[in-house]
1. I need Glu6, Glu182 ordered by Cβ neighbour count within 10 Å, fewest first.
2. Exposure proxy check: Glu60, Glu190 ranked by fewest other beta carbons within 10 Å?
3. Quick check: from the Cα gyration tensor, does the range 3-234 come out rounded (a/c under 1.5), prolate or oblate?
4. Work through the residues other than Trp234 whose Cβ is under 9 Å from its Cβ and net out their charges, Lys, Arg +1 and Asp, Glu -1.
5. Go ahead and set up a Gaussian network model of the chain, Cα springs under 10 Å, then flag whichever of Lys16, Lys25, Lys94 fluctuates most.
6. Across the range 108-117, in residue order, what do the Karplus-derived ³J(HN,Hα) couplings come to in whole Hz, using 6.51 cos²θ - 1.76 cosθ + 1.60 with θ = phi - 60° and x for Gly and Pro?
7. Which whole-Hz couplings ³J(HN,Hα) result when phi for each residue of the range 129-141 is put into the Karplus expression 6.51 cos²θ - 1.76 cosθ + 1.60, θ = phi - 60°, listed in order with x for Gly and Pro?
8. With charges set only on the Cβ (+1 for Lys and Arg, -1 for Asp and Glu), what does the dipole of the range 3-234 come to about its Cα centre, in debye to the nearest 20?
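Read the figures in this text as sums done on the coordinates, not as results from a lab. Not measured: the values here are computed from a predicted model. Reconstructed Cβ throughout: ideal geometry from the backbone, glycine too, with neighbour counts over all protein chains shown.
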Amino acid sequence: MPGVVEADDLGTYVVKFTGSAQGRKALVAEVIVGELARALGLRFPELVLVHFDPAIADSEPHQEVRDLHGASAGLNLGMDFLPGAKDFTPQVAKRFPVDALEAGRIVWLDALTVNVDRTVHSSNLMVWPTFGTAPPQLWLIDHGAALVFHHRWDASDPAKAYDFRHHALGHYTPDTRAADAELAPRVTRELLREVTAAVPDAWLTVEEGFATPDEVRTAYVDYLHARVAASAAWLPTDFPTREELAAEEEQRAARTQQGRPNWLKRVPDLHGKPAAEQDWSVHLG
Ligand SMILES: Nc1ncnc2c1ncn2[C@@H]1O[C@H](COP(=O)(O)OP(=O)(O)OP(=O)(O)O)[C@@H](O)[C@H]1O
Ligand SMILES: [Mg+2]
């Protein structure tokens, strides 16, 4: 549960709290993947470290939110708030063309960093600005669910395939081969050392199996460097067509329906996802 916070530099930030259920690893992933995206020329809002005093939220009426703030005293992560930005939903996508190379670069970054949270269900892409004369563009946000390998270092294979079937940009014919040729040579050890250096020590000290924060940083550098070298093994290329996805979705819905008692058969089939998106036609044909 991020909060919109005005800081003492008068900036407004979307703050993700260290005391949240996702924990510090989500913040580590935000920093590493976001700074990597920025270094590769993708748009990603500025990040800041925010010293948060839970006392400022004393008037918060919800106990759950107060507990979160109470557990988050000290250093937290802030992302520059993009005023008026719109979530890249299927409705917005209809009026917003994305070129195949930009789509390719974003899918490539997600595959490299094993980001499981940029799907048609939740794009974690924003369109900004939405007013004024500057043209609206795509911005990346929310990389907290990337770098899934850091939950099991011992079992992580850098050449592991990436499940891209439901990627939010799968229908823009992402040119991942061009993206790989352009971006892979830029992901050097040096760049990886730079982006991992941006993670505060405090978020790396409790990692099991590592003696120091720098050892953890080196593990990220080694893994991502090995993964970028193995891009031929995970490069997403054969994106399913809208028709294939629609058929798959229909089959899945039919299976779910079959397993339901009569009284549940008329409940909309959301597969556990929130009903925020009402029009799926742009993705499903
Ligand atoms: N920098 C930003 N500027 C404007 N709005 C933002 C920004 N970052 C996030 N948001 C809005 O807040 C929502 C939640 O942010 P984010 O996805 O980063 O958090 P989260 O806790 O991981 O949420 P979720 O679990 O829903 O993905 C976004 O979908 C978006 O609408
Ligand atoms: Mg999100």
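1. Starting with the residue having the fewest Cβ neighbours, the order is Glu6, Glu182.
2. If I rank by nearby Cβ atoms, fewest first, I get Glu190, Glu60.
3. In terms of gyration-tensor shape, oblate.
4. +2
5. Lys94
6. Computed from phi, the couplings for the range 108-117 are 4, 4, 5, 5, 4, 9, 6, 8, 8, 10 Hz.
7. Karplus-based 3J(HN,Hα) across the range 129-141 equals x, 10, 9, x, 9, 5, x, x, 9, 8, 10, 8, 9 Hz.
8. That gives the range 3-234 a dipole magnitude of about 880 debye.
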